[in-house]
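The values are calculated or read from the model by the stated rules, or taken from the named source; none is laboratory data. The structure displayed is predicted, hence computed values, not measured ones. Heads up, the Cβs are rebuilt from the backbone with ideal geometry, glycines too, and the neighbour counts pull from every protein chain shown. Note: accessible area is taken over every heavy atom of the protein model, side chains too, but ligands, DNA and RNA are not part of it. Shrake-Rupley method; radii C 1.70, N 1.55, O 1.52, S 1.80 Å.
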Amino acid sequence: MKKAYPRIVSGCGIVGIMNEKGNRMNGDLVIRAMRVMDERSNGLGAGFAGYGIYPKYRDYYAFHLMFDDEKSEEQTTQHLDRNFYLQKDEAIPTKPSPQIGNAPILRRYFVEIKSDMLSGDGTTADDFVVRNVMEINSKIKGAFVMSSGKNMGVFKSVGFPGDIAEFFRIRDYDAYTWIGHGRFPTNTPGWWGGAHPFTILDYTVVHNGEISSYGINKRYLEGFGYKCTLMTDTEVMAYLFDLLLRKHNVPIEIACLALAAPFWSHIERMPEKKRKLLKAIRMVYGSALCNGPFAIILGHKDGMIGLNDRIKLRPQIAARDKDMVYLASEECAIREICPDPERIWSPKAGCPVIARLHF
Amino acid sequence: MNLSLLPPEFLIERDQSKCIACQVCVRQCANDAHVYDEEDDKVYSDNSKCCGCHRCVTLCPTDALIVRRNPSEYKENANWTKNVISNIFKQAETGGVLLTGMGNDKPHPIYYDHLLLNASQVTNPSIDPLREPMELITYLGRKPDKLEVEIDGGEFRLETKLAPQLELKVPILFSAMSYGSISYNACLALARSAETLGIYYNTGEGGLHRSLYKYGKNTIVQVASGRFGVHADYLDVSAAIEIKIGQGAKPGIGGHLPGEKVSEWISETRMIPLGTDALSPAPHHDIYSIEDLRQLIYALKEATDYTKPVAVKIAAVHNVAAIASGIVRAGADIVAIDGLRGGTGAAPTAIRDNVGIPIELATAAVDSRLRKEGIRNQASLVVGGGHRSSSDIIKAIALGADAVYIATAALIAMGCHMCQKCYTGKCNWGIATQDPYLVKRLNPDIATRRLTNLIRGWTLEMKEMLGGMGINSIESLRGNRLHLRAVGLAKSDMKILGVRPAGVGM
């Protein structure tokens, strides 16, 4: 298995479930929502992300790793050990099944940055973690970081969503935000790391689509030091959010307006102040505009966002019911777990659905 | 006078059975290739004077004329071709520098013809520009690395102050052509169509006649080494200022407008005495280094109160990427690059045909370099030099350009037939001439309409190509080389262009 392979285009089914109060829900919920959309996957990859799953280790960066062999495991452990205090280091619990073959070595590390690592040059803790993730992914052959945020984790592999959930024992976890993804790639990946969700720090992206702006999005990110090794649209979108939200510190609404910008003809009709802002966003973040069909769900520690491309070429449905916010590729996924939501709607093209935790 | 050994380049064939001796051709040919013989009541032609501009052919009311290449042949020789022999004859007869007009006509590789575009099928729907919005609007100018946005009472407030920008409805500009190299009517047509199209034209180094000031908001004014016509009003009236360092057709050398062309209006516009030669030195005599360029950029910004973008135009030469990087760091808001195939009103043939590099390679090299240095956003990249069609423009943008300068195509739209005799001042089409008798042949209204039509047609085609690629905004194509594939190119070329060979997937 090798890390980088030609860019894969795929169709997908995605789900996002969040409790605004931060109440944690069992993984069974996301599994049920995903299962009704099996039609949208072809068994070549799926995954889950849960936020709030490690309350005991909430202050530690949780590194979910996959390794091809013991050598890469050893090298990665050494690498982490040099840069971090390893609070806990264990195998990710799994339940092997015939549906999930060829499993790599799966481990998780709960770590804290060594105190002398950040001295001086203005590197933030998050920057340091991102750099380490990039280093492991690009330099250690056979090692891949699935996720690296605090109090969250990603579980993914090659298979159907239901089988993967069984394998990773998703029902053993409770989360305040669950994100699920099942893919329909148009070629065979054969590599677990290529499955979704894709994560950097606590930003998780699941994505249904194929962005035609990939070439320039990638070059734009490379200018800021990102290494796009996976050749997937999802990776690029995760990095774009990381760049805008974390490095450029722009509000989430502005980041969404950059990735799915309103049309110029629409901007021309806006009141002056807003027009000026939107023009500036399009001028400055033109290379971050994502073109072509996409529907994404972005999870982060403080909430969840659903976003569609500017002419809504992929489906996305949103719903809310009391403290719950739901996003899904199809209405049936929502109805399965919440048969009668207070409100259910199809968000307009390019209009983000932004859910925030209040607690 | 000795007998000239030069054979005529063209043959004029007159079908005497059709010719009615109306003498249209006689009056139309500024080279006097046609002569009316009263005694015979017939029109005869002198092949040696024909430049192949096809003015007579086009205007002949009875279709009696055909102009074609002289088929007369020398002993076959791959090395000493007819063209080479003719050039030697010319210089042996005159002792001078060979002159020419328009862009390089040698068969150097045209990389655009080796690049193919992508289109969507199934996994990614193509977008129909007749049904969905398709955006070509482009802003040229310095962009910050990031935006500062504050939240103020539930509303977003933009904290970042943006540098001045040029808004283009279509990522095309009319490239620099001076009043002097082209006629007033040609300048007027360029200005008017730029205004209609929501784009820009460029004065070149010939100054700006006051009667054209009303098109100022669509005018880029040039400051070149001769400083012709540069004064406060000239800078003030413009939308942007361009410092011309070099030109693709003649990198490294200056310009020369012969005194015969310096009419009263041109003398007034260029601020030089009537009938004197206008000589532009090869370098700017106040720019001998990148620091000096910075001083001129900021002198112009100061003079215009930082209200307009300042562009710097250079020819595409071997070290173009590093030079462009220096220009960006010196404070230019736009870098304009003119490639090997860029046109000119007059240039030594030896220079035009042998100096510089193709614009495709220069575009890719500069875009890559600026990105590598993290300064691509600090200046826009406008490229020119031989863009013939909407697809050339789309490919230039995919290679990394923000917009494309066109001039030769604009001249052809106005009626130019590419005879390459601009330097003689005898343009029968009224474009590259100052002779009032010839200038009035170019009707500015018709020329404006033809220019506008061309760009409108290209706009529609560009939208179709974008939509096919599943893109509905030009910025998603800019620098997106993944949508290009190479056919028949060497590995080294593909590496510089940053493109994969055809047959390799996404």
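Throw me the Rg/Rh for chain B, computed over C-alpha atoms with Kirkwood Rh, two decimals.
So for chain B, dividing Rg by the Kirkwood Rh gives 0.99.
Of A:139/A:218; A:276/B:169; B:82/B:421; B:49/B:244; A:279/A:312; B:106/B:143, which pairs sit farther than 28 Å apart, going by alpha carbon to alpha carbon? If you can, show how the numbers build up before the last one.
Working: A:139/A:218 19 Å; A:276/B:169 17 Å; B:82/B:421 19 Å; B:49/B:244 35 Å; A:279/A:312 22 Å; B:106/B:143 38 Å.
Exceeds cut-off: B:49/B:244; B:106/B:143.
If you scale each eigenvalue of the Cα gyration tensor by 5 and take the root, what three semi-axes come out for segment A:124-168, rounded to whole angstrom and sorted largest first?
25, 15, 5
Can you give the local net charge around residue B:315? Use residues other than it whose beta-carbon is closer than 12 angstrom to its beta-carbon, Lys and Arg +1, Asp and Glu -1.
+4
If you restrict to DSSP beta bridges whose two residues both lie in the protein assembly as shown, what percentage is antiparallel, to the nearest 5?
75
Given a 1.4 angstrom probe, what's the average accessible area per residue across segment B:42-181, in square angstrom?
I get 56 Å² per residue for this part.
Under the rule a/c < 1.5 gives rounded, and otherwise a/b versus b/c splits prolate from oblate, where does segment B:267-361 land using the Cα gyration tensor?
Oblate, since a/c reaches 1.5 and b/c is not below a/b.
So which trypsin sites (Lys or Arg not before Pro) in segment B:9-44 pass both tests, a DSSP loop state and at most 12 other Cβ atoms within 10 Å of the Cβ?
Details: sites: B:14, B:18, B:27, B:42; in loops: B:18.
Listed in order of number, the matching sites are B:18.
If you place +1 on the Cβ of every Lys and Arg, -1 on the Cβ of every Asp and Glu, and leave all else neutral, what size is the dipole of chain A about its Cα centre, to the nearest 20 Debye?
Its charge dipole is roughly 960 debye.
What does the C-alpha gyration tensor say about the overall shape of segment A:264-347? Classify as rounded when a/c is under 1.5, otherwise prolate if a/b is larger than b/c, or oblate.
It comes out prolate by the Cα gyration axes.
Among rounded, prolate and oblate, which fits segment B:170-320 when a ≥ b ≥ c are the square roots of the eigenvalues of its C-alpha gyration tensor, a/c under 1.5 means rounded, and a/b larger than b/c means prolate?
Taking the square roots of the gyration eigenvalues as a ≥ b ≥ c, segment B:170-320 is rounded.
Around residue A:105, under 13 Å between beta carbons, what's the net of Lys plus Arg minus Asp minus Glu among the other residues?
It works out to a net charge of -4.
Compactness ratio of segment A:1-130: Cα Rg over 2.2 N^0.38 Å, N = residue count?
So segment A:1-130 has a normalised radius of gyration of 1.28.
Rounded to a whole number, what is D in µm²/s for chain A from Stokes-Einstein with the Kirkwood radius over alpha-carbon pairs (10 °C, 1.306 mPa s)?
Estimated via Stokes-Einstein, D reaches 78 µm²/s.
Against the empirical 2.2 N^0.38 Å scaling, what ratio does the C-alpha Rg of segment B:32-89 come to?
Working it through for segment B:32-89, the quotient is 1.49.
If I model a spin label at residue B:167 and residue A:90 as a point 7 Å from the Cα along the Cα→Cβ vector, what separation in nanometres do I get?
Each label point is offset 7 Å from its Cα along the Cβ direction, giving 6.0 nm.
Pop out a list of residues from segment B:140-176 that are at least 30 Å² less accessible with all the protein chains around than in their chain alone; 1.4 Å probe, no ligands or nucleic acids counted.
B:143, B:145, B:146, B:147, B:149, B:156, B:158, B:162
Arrange the peptides A:288-298, B:479-489 so that the one whose residues have, on average, the most other Cβ atoms within 10 Å appears first.
Ranking the peptides A:288-298, B:479-489 by packing returns A:288-298, B:479-489.
Any number yet on Rg/Rh for segment B:235-313, C-alpha, Kirkwood?
Rg/Rh: 1.02.
Over segment B:1-103, what portion of Cα pair distances is larger than 25 Å, expressed as a whole percent?
31
For segment A:223-297, run through the trypsin sites (Lys or Arg not before Pro) and keep only the ones in DSSP coil with at most 13 other Cβ atoms within 10 Å of their Cβ.
Within segment A:223-297, the qualifying trypsin sites (Lys or Arg not before Pro) (loop, at most 13 other Cβ atoms within 10 Å) are A:269.
May I ask you to give the average projected area over all directions of the convex hull of the Cα atoms of segment B:103-177, in nm² rounded to one decimal? Working shown, then result.
Numbers: hull surface 43.7 nm².
For segment B:103-177, the mean projected area of the Cα convex hull comes to 10.9 nm².
Per-residue Cβ counts within 10 Å, from other chains only, averaged over A:287-298: what number is that?
Across the residues of A:287-298, the mean count of other-chain Cβ atoms within 10 Å is 4.
Roughly speaking, what % of Cα-Cα pairs in segment B:425-506 are separated by over 20 Å, rounded to a whole number?
In whole percent, the share of Cα-Cα pairs in segment B:425-506 beyond 20 Å is 60.
Report the far tail of the P(r) of the protein assembly as shown, meaning the percent of Cα-Cα pairs longer than 44 Å.
Looking at the protein assembly as shown, the distances longer than 44 Å represent 39 percent of pairs.
Loop only per DSSP, at most 15 neighbouring Cβ atoms within 10 Å: give me the trypsin sites (Lys or Arg not before Pro) in segment B:374-424, ordered by residue number.
Qualifying residues, ordered by number: B:388.
When the Debye formula is applied to the Cα atoms of segment B:348-484, each taken as the same point scatterer, what base-10 log of I(q)/I(0) results at q = 0.09, 0.12, 0.13, 0.14 Å⁻¹?
The computed values of log10 I(q)/I(0) come out as -0.37, -0.62, -0.71, -0.79.
Among residues other than residue B:486 whose Cβ falls under 14 Å from its Cβ, what is the net charge (Lys/Arg +1, Asp/Glu -1)? It would help to have the intermediate numbers written out before the result.
Details: positive: B:395, B:481, B:485, B:491, B:495, B:500; negative: B:113, B:360, B:493.
With Lys, Arg at +1 and Asp, Glu at -1, the neighbours total +3.
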